[in-house]
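> This is the structure I have questions about; it appears just below.
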Amino acid sequence: MIKNPKAFCCWSGGKESALSLYRAKNSGIHISCLINMISENGKYSRSHGLSSELLKLQAKALGISIVQRKTTWKTYEEEFKKAVLDFKREDIRVGVFGDIDLQEHRDWVERVCKEIGIQPILPLWKRKRENLLEEFIRVGFKAIVVATNAQFLGEEWLGRKINNRFIEDLKTLGNIDLCGEKGEFHTFVTSGPLFKKRIEITKSRKRHNKERWFLDILEWRIV
């Protein structure tokens, strides 16, 4: 492990990104910036389909700069590498990733990082789902559900807060990954222990698109 390393953090805007950032900072890693890959038109994140403007808002609330790179799925790896090679010129040698246990994701992370000389850190790897959610809540993060796979969760789950009741309700369904690692749901973090300000959502709407439900956040303020 590099001593007192400077790092970037892969940022989706959701709970795993926030918790991995939190754990990394508490372990002595200095997070210099966030990285987020966005659609070719610059409007949405590639990972969760969140508005790129909302991700910029999170970075502002955190007080950490964010780098957003436009890409197609076909050019994702190429553009990611270009962005990280730019980081290396600023002596950033470590990358923080929020993966929990999808081996194909870890394999990709480790291969790509090795090819460009970056040390990958996965603070959540192989941790129990329920323990991660409980930690997320206990340390003070706040988040809501902003997307669901309609095969698993209906529109009534949109906007729900990530709290202990949320965990218990998910557990009663039986066939849902508690952290949504199979794409059952995605979240948006609005505040927490790393945030210098919090985000208040003042207007939103529910939208159905093919097999997914989305909560479009239309208006907000940072306080």
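The values are calculated or read from the model by the stated rules, or taken from the named source; none is laboratory data. Because the structure is a prediction, the values reported are computed rather than measured. Here the Cβ is made from the backbone with ideal geometry for all residues, glycine too, and neighbour counts use every protein chain on show.
> I'm told T148 meets every condition in (1) in a helix (DSSP H, G or I); (2) over 12 Å from F8 (Cβ atoms); (3) in contact with a helix residue (DSSP H, G or I) (Cβ under 9 Å, 6 or more places away or on another chain) except one. Can you identify the failing condition by its number?
(1)
> Sticking with this structure for a sec: Can you tell me which residues in the stretch 70-101 are of a type in the set (A, V, I, L, M) and more than 24 Å from N26 (Cβ to Cβ)? Let's see the steps before the verdict.
Kept after step one, since they are of a type in the set (A, V, I, L, M), are these residues of the stretch 70-101: 83-85, 92, 94, 96, 100.
A83, L85 - these are the residues of the stretch 70-101 that are of a type in the set (A, V, I, L, M) and more than 24 Å from N26 (Cβ to Cβ).
> Something else now. Kindly establish whether I137 is assigned by TED's automatic domain parsing to the domain that holds R207, surrounded by 15 or more Cβ atoms within 10 Å (Cβ to Cβ) and of a type in the set (V, I, T). Walk me through how you get there before you give the answer.
Values: assigned by TED's automatic domain parsing to the domain that holds R207: yes; surrounded by 15 or more Cβ atoms within 10 Å (Cβ to Cβ): yes; of a type in the set (V, I, T): yes.
Answer is yes for this residue.
> On to the next question. Only one of (1) in contact with a Ser or Thr (Cβ under 9 Å, 6 or more places away or on another chain); (2) assigned to a helix (DSSP H, G or I) is not met by V84, so which one is it?
(1)
> Please enumerate the residues belonging to the stretch 122-145 that are touching a residue at least 24 places away in the same chain (Cβ under 8 Å) and in a loop (DSSP other than H, G, I, E, B).
Across the stretch 122-145, the qualifying residues are L122, P123, L124, W125, K126, R127, V139, G140, F141.
> For the stretch 30-78, enumerate the residues that are among the hydroxyl-bearing types (S, T, Y) and not in a strand (DSSP E or B). Before you say what the answer is, go through the steps one by one.
Pass one, the stretch 30-78, residues among the hydroxyl-bearing types (S, T, Y): 32, 39, 44-45, 47, 51-52, 65, 71-72, 75-76.
If the condition is that a residue be among the hydroxyl-bearing types (S, T, Y) and not in a strand (DSSP E or B), then S39, S47, S52, T71, T72, T75, Y76 are the ones that fit.
> In addition: Answer with yes or no whether L215 is farther than 21 Å from R23 by Cα and either surrounded by 12 or more Cβ atoms within 10 Å (Cβ to Cβ) or β-branched (V, I, T) (or both).
So L215 passes the test.
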